[in-house]
Amino acid sequence: MRPVTRRTALTMGGLGLATTVIGGTGLWRDLTTPGAPGRPGSELVEPEVMTSSGGRLEVSLQARLDTHEVAGRPARTMGYNGGVPGPTLRLRPGDLLRIDLDNQLDHVTNLHVHGLHVSPEGNGDNVFVEIGPGESQQYEYQLPKDHPPGVYWYHPHHHGSVADQLFAGLYGAIVVQEHDPPSVDRERVLVVSDITLSQDGAVLSPSMPERMMGREGELLLLDGQLEPVLKARGGDRERWRVVNACSSRFFSLRLSGEGSSARVVGRDVGRLPTPVALEEVVLAPGNRMDLLVDLSEGTGELLAVPVDRGQMMGGMMGGAVGPEDSERALARLEVAQGAQSGTAVAKDDATRGPEGLLPDLRDTQVDRRRELTMEMSMGGMMGGNRGRGPGGMMDLTIDGRTFDHDRTDQQVRLGTVEEWSIGNVGPMDHPFHLHVWPMQVIDVDGQRPADPLWLDVVNIPAGGSVTVRIRFADFGGRTVYHCHILDHEDLGMMGTVLAE
Ligand code: C2O
Ligand code: CU
Ligand code: CU
């Protein structure tokens with residue numbers, strides 16, 4: 001019993017949005033003209049691609065609030081270099097990535113390269129850097145030679161405004177290529193995001209209950225577009241790099257229509273030892289997926305299937321502020337008749353042992369074990385401000401504490417392997433994300449993955465617990481772990497880790 005009543009909630013008084021949103025999604029959709037360039041029903045356009053050469057990629061990114069085309073209409077969103085999403089950065093292991101970030105926003109921002117195994121210090125992947133309005137910062141990321149291939153991404157990480165800035169349009173994809181990739185006819189980057197826009201195209205801020213739940217935007221976008229048409233050729237094999245850049249939304253993907261099929265060959269970090277069926281993988285916020293898609297002539301849809309991620313206070317909010325619970329079309333698929341048969345790429349590539357497997361830590365000696373507890377509980381009862389979130393309504397804590405920039409929560413020895421058991425006390429799932437060092441999933445509520453599984457965002461189910469192993473290697477320094485429901489992170493569900 002989880003009716004979609006967010007629209008009702010938005011038009012209700014008391015949430016502060018009633019005067020600007022009338023009818024929500026329906027209204028925005030009615031105002032868009034199908035078929036016109038960039039409008040729903042027009043062809044999918046991917047973000048601009050910037051590719052490294054000679055071991056380097058130098059990029060200038062300007063973050064600014066501007067009028068961008070979103071869902072086929074001018075919207076006042078944030079964006080990198082005038083686009084939503086920002087440019088796709090294509091790298092190889094061993095590359096040096098240099099990014100000049102120019103902050104033209106009215107707010108402090110910074111940059112995080114999510115999932116990259118690079119130093120968190122200095123002008124590396126340092127989330128403690130603050131770039132004021134009008135200021136700029138040069139970041140430098142040196143990828144190790146054995147950096148795992150995969151789909152990664154970048155987004156701001158200034159505590160307190162991460163969800164707001166991401167939701168407003170600041171994100172882009174990073175692809176680390178294999179040395180010897182499987183041959184495909186075409187590769188695409190598909191960034192999924194959501195946003196809520198008012199009638200005049202401004203990004204709407206969520207209410208406090210929506211923040212507590214984790215905001216879900218009314219519009220679900222693929223590369224910044226609403227239900228674009230993905231045109232392909234029958235008989236082709238494509239590789240789709242999918243990023244869940246939504247602030248809070250969980251989903252899985254499904255391909256409807258005759259004949260076309262997709263399997264997952266990579267998740268977050270590196271490649272999977274054996275491909276997995278598309279339906280088996282849930283993308284929590286921050287997760288990525290690398291797909292091989294075999295297309296056959298006909299039409300169909302790429303669907304986002306909702307995932308039950310729990311409710312605040314066991315549904316006491318009456319479902320007024322709840323996650324999406326109906327299927328949404330991300331794109332329409334138009335697969336034309338292919339060229340003559342026989343031109344297709346070698347189709348057995350995907351089953352060849354892939355490069356990019358990380359060493360299995362299941363039989364490794366564990367140097368240290370820790371337990372962490374993510375908790376969402378009624379706030380304001382404990383006295384003082386222990387773990388008390390803004391608004392005083394619910395506390396979002398890890399080990400009973402909200403984020404403190406100056407406190408070091410976990411001190412680890414560089415070069416060791418640790419086992420972390422992460423519990424979740426409360427009624428909602430929390431996707432746990434660790435920067436810099438990937439996590440191998442050992443156990444999820446008593447279930448053990450058959451194949452080694454490496455992720456950088458691991459969902460911790462409501463009331464459940466997950467055990468991961470982490471090799472703290474290559475880079476020392478201080479960084480963070482947090483819930484990747486970014487509203488929860490901003491409300492304090494984050495801790496710091498120092499490796500030295
Ligand atoms: Cu995708 Cu700490 O973030
Ligand atoms: Cu990250
Ligand atoms: Cu959370």
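The values are calculated or read from the model by the stated rules, or taken from the named source; none is laboratory data. In this text, all values refer to a predicted model and were calculated from it rather than measured experimentally. FYI the Cβ positions are ideal-geometry reconstructions off the backbone, even for glycines, and counts take in every protein chain you see.
Those strands (runs of 3 or more DSSP E) of the range 402-500 in which at least 2 residues are within 16 Å of ligand 3 (Cβ to nearest atom), considering only elements entirely within it, cover 417-425, 430-434, 457-460, 465-471, 477-483, 494-499.
Scanning the range 86-103 for residues that are within 18 Å of the chain's Cα centre (by Cα) and closer than 23 Å to GLU135 by Cβ turns up GLY86, PRO87, LEU89.
Check whether at least one residue in the range 453-462 is surrounded by fewer than 20 Cβ atoms within 10 Å (Cβ to Cβ) and either away from ligand 1 (no atom under 16 Å from the Cβ) or of a type outside the set (Phe, Trp, Tyr) (or both), and report yes or no. For the range 453-462, residues surrounded by fewer than 20 Cβ atoms within 10 Å (Cβ to Cβ) and either away from ligand 1 (no atom under 16 Å from the Cβ) or of a type outside the set (Phe, Trp, Tyr) (or both): present.
Test ASN103 against the stated conditions and say whether it is free of Cβ contacts under 8 Å to residues at least 24 places away in the same chain and either in contact with a strand residue (DSSP E or B) (Cβ under 9 Å, 6 or more places away or on another chain) or within 19 Å of GLY270 (Cα to Cα) (or both).
On the way: free of Cβ contacts under 8 Å to residues at least 24 places away in the same chain: no; either in contact with a strand residue (DSSP E or B) (Cβ under 9 Å, 6 or more places away or on another chain) or within 19 Å of GLY270 (Cα to Cα) (or both): yes.
No; evaluated as a whole, the condition is false for this residue.
Screening VAL305 on (1) in contact (Cβ under 8 Å) with a residue 60 or more places away in the chain; (2) more than 30 Å from ASP360 (Cα to Cα) shows it passes everything except condition (1).
Taking into account only those residues within the range 142-168 that are more than 16 Å from ligand 2 (Cβ to nearest atom) and more than 18 Å from ASN103 (Cβ to Cβ), which is surrounded by the fewest Cβ atoms within 10 Å (Cβ to Cβ)? Only one residue fits best here, namely LYS145. Name the residues in the range 120-141 that are under 17 Å from ALA499 (Cβ atoms) and away from ligand 1 (no atom under 15 Å from the Cβ), would you? Correct list: GLU121, GLY122.
So that you can scan it fast, the table gives a plain yes or no per residue for (1) within 22 Å of SER247 (Cα to Cα); (2) of a type outside the set (Asp, Glu); (3) at pLDDT below 75:
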position	(1), (2), (3)
GLU43	no, no, no
GLU46	yes, no, no
THR51	no, yes, no
SER60	no, yes, no
ASP66	yes, no, no
TYR80	yes, yes, no
LEU89	yes, yes, no
ASP100	no, no, no
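Taking the criterion of being of a type outside the set (D, E, K, R) and away from ligand 1 (no atom under 14 Å from the Cβ), the residues of the range 463-490 that qualify are GLY463, GLY464, SER465, VAL466, THR467, VAL468, ILE470, PHE472, ALA473, PHE475, GLY476, GLY477.
Quick one: how many residues across the range 466-500 are over 22 Å from MET212 (Cβ atoms) and either surrounded by fewer than 17 Cβ atoms within 10 Å (Cβ to Cβ) or touching a strand residue (DSSP E or B) at 6+ places or on another chain (Cβ under 7 Å) (or both)?
The initial filter retains those residues of the range 466-500 that are over 22 Å from MET212 (Cβ atoms), namely 466-479, 496-500.
Okay, now just the ones that are also either surrounded by fewer than 17 Cβ atoms within 10 Å (Cβ to Cβ) or touching a strand residue (DSSP E or B) at 6+ places or on another chain (Cβ under 7 Å) (or both), so 466-474, 476-479, 496-500.
Residues in the range 466-500 being over 22 Å from MET212 (Cβ atoms) and either surrounded by fewer than 17 Cβ atoms within 10 Å (Cβ to Cβ) or touching a strand residue (DSSP E or B) at 6+ places or on another chain (Cβ under 7 Å) (or both): 18 in total.
Only residues that are more than 11 Å from HIS435 (Cβ to Cβ) and touching a Phe, Trp or Tyr at 6+ places or on another chain (Cβ under 7 Å) were counted across the range 125-153, and they come to 1.
Filtering the range 122-140 to residues that are crowded, with 22+ Cβ neighbours inside 10 Å and either within 16 Å of ligand 3 (Cβ to nearest atom) or not in a loop (DSSP other than H, G, I, E, B) (or both) leaves only TYR139. Scanning the range 247-261 for residues that are under 30 Å from HIS482 (Cβ atoms) and crowded, with 22+ Cβ neighbours inside 10 Å yields SER247, SER248, ARG249, PHE250, PHE251, LEU253. What residue, of GLY384, GLY391, GLY356, GLY380, is of a type in the set (Gly, Ala, Ser), closer than 30 Å to PRO182 by Cα and either surrounded by fewer than 20 Cβ atoms within 10 Å (Cβ to Cβ) or modelled with pLDDT under 95 (or both)? Every option except GLY356 fails the conditions.
The residue of the range 431-452 that is farthest from ligand 1 (Cβ to nearest atom), among those that are farther than 17 Å from LEU361 by Cα and surrounded by fewer than 19 Cβ atoms within 10 Å (Cβ to Cβ), is GLY446.
A single member of ARG263, ARG271 is outside any strand (DSSP E or B) and more than 16 Å from ligand 1 (Cβ to nearest atom), and it is ARG271.
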